[in-house]
Amino acid sequence: MDFTLGETQQAVSQLAAQVLTDPDPWKELARAGLLDVSPPDGLGVLEVAVLLTEIGKRAPSMKALATLMTGALPLLRWGHPDLRSDVLRGVASGELLLTAALREPRTPHTTSVTDGTITGLKIGVPYAAQSHLLLVPARTDPMIMASSGHIAPETGHDHGGVFLVSPRGPGVELIQTPSSSGEPEYAVRLDRAPVEGMLGGADCVRDLYQLAVAGACALADGTVAGALALTRDHVAGREQFGRPLAAFQAVSQQIADVYIASRTMHLAALAACWRLGEGLDAAADLEVAGYWCAEQAPRTVRLCHHLHGGIGMDATYPLHRFSSLIADLTRFLPCSST
């Protein structure tokens, strides 16, 4: 299999690498057109994944994962054309953020929609208070909200869908909760909050969760790569007993382990994102990529801290930015639609 990025993906990677050095990279990403997913020239799934990998390497943050992979792309793929044009224009300009409320404190999930209102509790929602809309997967009663926003009858048992909710609407309580990285994260309590629209049913729910896992894996891939680059430079330049740390066999073996894990994560994430972007069955690939990120990413960044010694624990040294984001992504990854 050829894992070489195409010209478009390479251009996204190179441009992102340039603008992410800015003190306010979000505005620069917007100016560079890297927050635009609108057709025909906007970013697709694979391009967004490449962007997230670069963000992980250079400016670790959950903001683009929330806004693009769990917000803008589901809207593009499932939303009404009028809704898409208005919201995606605001996202592309950098003025609007989006996020998805995916996780619940228990399974099976109990958030439900009845008579055009939604009730339930979602946890670990990044940038909920800062977002224009929340995308909320929920179960539905026999009366469900159609894409037009009208109530329509439906037969059968429980149905599922992705619903749009304003984080500032009635019946919505946002409770800020701690995150390892310090980025804003919330529990969202919904008590008969008005539903502003619906993207789609069970297929849309499945797609949203797959996009979330793909984006988290791409971001974790870049974050581990960033930690590896920092550690590689440290052991190459730091001397002990008159020799670089990298010259010691134990150190070289450990940094090789980090490289192997990082490379495997990259290939697994890239394969999963490519299949998802091409409309192919990506379930198995996403499971593999999710396993590698959840199992290996925390282990590799801990090893990077170990190889740095005491400086790796210094808050003024950038390594903690990578490891703290990995901790948040590890909690984010086990999300499921069950």
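For (1) in contact with a Lys or Arg (Cβ under 9 Å, 6 or more places away or on another chain); (2) of a type outside the set (D, E, K, R); (3) in contact (Cβ under 8 Å) with a residue 40 or more places away in the chain; (4) surrounded by fewer than 13 Cβ atoms within 10 Å (Cβ to Cβ), each residue gets a yes or a no:
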position: Val288; (1), (2), (3), (4): no, yes, no, no
position: Cys293; (1), (2), (3), (4): no, yes, yes, no
position: Thr300; (1), (2), (3), (4): no, yes, yes, no
position: His308; (1), (2), (3), (4): yes, yes, yes, no
position: Leu319; (1), (2), (3), (4): no, yes, yes, no
position: Ser324; (1), (2), (3), (4): no, yes, yes, no
position: Asp328; (1), (2), (3), (4): no, no, yes, no
position: Phe332; (1), (2), (3), (4): yes, yes, yes, no
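If only one of Lys63, Lys57 is charged (D, E, K, R) and touching a Gly at 6+ places or on another chain (Cβ under 8 Å), which one is it?
Values: Lys63 fails: touching a Gly at 6+ places or on another chain (Cβ under 8 Å).
Result of the check over Lys63, Lys57: Lys57.
Does Pro39 fit the bill of being touching a Ser or Thr at 6+ places or on another chain (Cβ under 6 Å), in contact (Cβ under 8 Å) with a residue 24 or more places away in the chain and not β-branched (Val, Ile, Thr)?
Values: touching a Ser or Thr at 6+ places or on another chain (Cβ under 6 Å): no; in contact (Cβ under 8 Å) with a residue 24 or more places away in the chain: yes; not β-branched (Val, Ile, Thr): yes.
Considered against the rule, which asks whether it is touching a Ser or Thr at 6+ places or on another chain (Cβ under 6 Å), in contact (Cβ under 8 Å) with a residue 24 or more places away in the chain and not β-branched (Val, Ile, Thr), Pro39 comes out as no.
I'm trying to understand the selection: among the residues of segment 72-91, which are touching a residue at least 24 places away in the same chain (Cβ under 8 Å) and open to solvent by 20 Å² or more (accessible area, probe 1.4 Å)?
Just the residues of segment 72-91 that are touching a residue at least 24 places away in the same chain (Cβ under 8 Å), to begin with: 72-80, 83-85, 87-91.
Leu76, Arg77, Trp78, His80, Leu83, Arg84, Ser85, Arg89 - these are the residues of segment 72-91 that are touching a residue at least 24 places away in the same chain (Cβ under 8 Å) and open to solvent by 20 Å² or more (accessible area, probe 1.4 Å).
For residues in segment 109-168 being of a type in the set (S, T, N, Q), assigned to a strand (DSSP E or B) and open to solvent by less than 30 Å² (accessible area, probe 1.4 Å), which is modelled with the lowest pLDDT? Reasoning before the result, please.
Applying the first criterion (of a type in the set (S, T, N, Q)) to segment 109-168 yields 110-112, 114, 117, 119, 130-131, 140, 147-148, 155, 166.
So of that shortlist, the ones also assigned to a strand (DSSP E or B) come out as 112, 114, 117, 119, 140.
Then keep just the ones that are open to solvent by less than 30 Å² (accessible area, probe 1.4 Å); that gives 117, 140.
Working: Thr117: 97, Thr140: 88.
Step by step, filter segment 109-168, then rank; the result is Thr140.
Would you be able to tell me the number of residues in segment 92-108 that are surrounded by 16 or more Cβ atoms within 10 Å (Cβ to Cβ) and either small (Gly, Ala, Ser) or assigned to a loop (DSSP other than H, G, I, E, B) (or both)? Break it down stepwise before answering.
From segment 92-108, those surrounded by 16 or more Cβ atoms within 10 Å (Cβ to Cβ) are 92, 94, 96-104; that's our starting set.
Those left that are additionally either small (Gly, Ala, Ser) or assigned to a loop (DSSP other than H, G, I, E, B) (or both): 92, 94, 96-97, 100-102, 104.
Result for segment 92-108: 8.
Conditions (1) within 17 Å of the chain's Cα centre (by Cα); (2) surrounded by 14 or more Cβ atoms within 10 Å (Cβ to Cβ); (3) in contact (Cβ under 8 Å) with a residue 60 or more places away in the chain, marked per residue:
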| site | (1), (2), (3) |
| --- | --- |
| Gly237 | no, no, no |
| Phe241 | no, no, no |
| Val258 | no, yes, no |
| Leu270 | yes, yes, yes |
| Ala282 | yes, yes, yes |
| Asp285 | yes, yes, no |
| His305 | no, yes, no |
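Only one residue in Gly94, Gly79, Gly44 is within 26 Å of Phe3 (Cα to Cα) and more than 13 Å from the chain's Cα centre (by Cα). Which one?
On the way: Gly94 fails: within 26 Å of Phe3 (Cα to Cα); Gly79 fails: within 26 Å of Phe3 (Cα to Cα).
Gly44 is the lone residue from the list that is within 26 Å of Phe3 (Cα to Cα) and more than 13 Å from the chain's Cα centre (by Cα).
The values are calculated or read from the model by the stated rules, or taken from the named source; none is laboratory data. Quantities reported herein were computed from a predicted structural model and do not represent experimental measurements. Ideal geometry is used to build each Cβ from the backbone, glycine not excepted, and the neighbour counts take in all protein chains shown. Surface accessibility is based on the protein's heavy atoms, side chains included, excluding ligands, DNA and RNA. Shrake-Rupley method; radii C 1.70, N 1.55, O 1.52, S 1.80 Å.
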